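Everything on this sheet refers to the single structure shown next.
Since every read-out is calculated from the coordinates, none of them should be taken as a lab result. Predicted model only: the values in this text are computed from it and were never measured. When we count neighbours, we look across all protein chains shown, and the Cβ atoms used for this are built from the backbone with ideal geometry, even at glycine.
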Amino acid sequence: MKFVYNGLLLVSALTLAGSASAKTIGIGSTKAGAVSQITATISKAVSEHAPGVQMRKQTMGGTQQYIPVVNAGELAFGISNIAQYYMAQEGVMLSKGNKYNNLRLVSTMMKFTVSPVVAIASGINRVSDLKGRRIASGFKGAPLFKYVTSGALATDNLSYADVKNVPQVGLVQHWRAFMAGKVDMAIVAAGSGFAKQMQAKIDGGIKHISFDKSSAALKRMQKFFPRAEWSIVKPKKGLTGVLKPTNFVSYDFLLWTHKGLSNDVAYKVAKVMHTKAKQLKAGGPLWRSYRNDARLQKDHGYSYHPGAVKYYKEVGLWKR
């Protein structure tokens with residue numbers, strides 16, 4: 001019995017020693033919403049499969065709050081859409097006057113695909129029909145969506161001056177305002193849970209309306225929402241409100257770090273993002289479009305961390 005007891009003590013000691021020697025790193029996150037869900041999934045996968053690394057969410061008020069913290073090397077990782085990353089690197093729009101050039105990419109993850117949603121009974125069939133309608137504005141709690149909505153209106157040569165502004169704090173508030181009949185349009189992701197709620201709440205149901213597919217319209221969108229792309233979404237089960245092939249705006253979501261992070265940690269995290277795709281995709285519908293192929297190192301015109309580059313080269317994914 002004494003032998004067994006001592007053996008158990010040894011195992012326990014080794015376990016504690018291994019845990020103590022693990023490097024704990026943070027990833028910037030929001031309290032709720034898509035960013036929170038994505039960072040929770042990444043943190044779990046990295047903590048379970050990157051030897052010697054434990055990743056923990058660091059909750060902040062929004063992406064714009066943790067961008068400078070990661071850039072300064074005080075936080076290891078962050079995630080954002082490509083538009084906010086572009087703004088941070090170039091020092092424009094939401095990052096006006098501050099270039100965060102210490103940021104380095106680790107992985108290109110899923111695509112988000114969104115378009116305006118309206119009530120079928122509204123008589124709104126295209127963006128130009130929103131003229132004079134009630135549109136959510138302000139977005140103090142989610143400032144990026146002021147740019148998204150401005151870009152959406154611009155695709156058909158409208159602006160906030162052409163609509164009735166209804167101040168809203170954030171995304172969820174403007175979705176609820178739409179369901180309550182206080183605004184006439186909401187920006188919603190294809191297949192989102194809120195689209196299903198809207199369908200159930202609004203008499204006659206909802207529909208996504210299509211953006212003008214022209215390159216000129218895309219340039220007008222990109223003036224407000226850089227690096228956006230067009231994406232045709234076809235009707236299928238689960239895509240509430242997609243009643244016919246519809247032109248959405250799509251944009252990449254990125255995992256990034258700072259140039260001072262060790263190559264070893266960046267390598268291990270890139271490896272998890274590549275080899276644990278099944279676990280990541282089990283994190284929920286937000287991961288539906290995630291691919292663990294060469295897309296992980298998609299060229300956005302900005303540098304990837306050398307540790308991530310080393311991994312992608314070793315497994316034959318690096319294409320530059």
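Mind computing the radius of gyration and Dmax over the alpha-carbon atoms of the chain? Å is fine for both.
Every Cα atom of the chain included, Rg and Dmax give 21.9, 82 Å.
Give me the distance in nm between label points sitting 7 Å out from Cα along the Cα-to-Cβ direction at V169 and E229, one decimal.
3.6 nm
What do you get for Rg/Rh over the stretch 113-251 if you use C-alpha atoms and the Kirkwood form of Rh?
My calculation puts Rg/Rh at 0.92.
Build a GNM of the chain with springs between Cα atoms under 10 Å: which of K111, K131, K96 gets the top mean-square fluctuation?
K96
How far is it, in nm, from the label point at Q197 to the one at K213 when both lie 7 Å from their Cα along the line to the Cβ?
The two pseudo-label positions are separated by 3.3 nm.
A277: net charge of surrounding residues, Cβ under 10 Å, Lys/Arg +1, Asp/Glu -1, itself excluded?
On the way: positive: K276, K278, K281, R291; negative: D293.
Cβ neighbours under 10 Å give a net charge of +3.
I'd like the orientation of helix 215-224 relative to the chain: the angle between its Cα long axis and the longest Cα principal axis, in ° from 0 to 90, rounded to 10.
60 degrees
Using +1 on the beta carbon of Lys and Arg, -1 on that of Asp and Glu, and nothing else charged, what's the dipole of the chain about the Cα centre, debye to 20? It would help to have the intermediate numbers written out before the result.
Working: 45 positive and 15 negative charges, 84 e Å.
The dipole of the chain has a size of about 400 debye.
Less than 22 Å apart at the alpha-carbon level, and either on another chain or at least 8 residues along: which lysines does that give for K281?
Correct list for K281: K31, K44, K57, K111, K196, K234, K236, K237, K268, K271, K298.
At 7 Å along Cα-to-Cβ for each site, give me the label-to-label distance between A180 and Q54 in nm.
Taking the two extended label points, one gets 4.3 nm.
I'd like to know which of G205, W256, Q222 lies farthest towards the positive end of the charge dipole of the stretch 202-263, counting +1 on Cβ of Lys and Arg and -1 on Cβ of Asp and Glu.
Of the candidates, Q222 comes out farthest on the positive side.
Which net charge results when you count Lys and Arg as +1 and Asp and Glu as -1 among the other residues whose beta-carbon is under 14 Å from that of R320?
Details: positive: R295, K298, K310, K313, K319; negative: D299.
Local net charge: +4.
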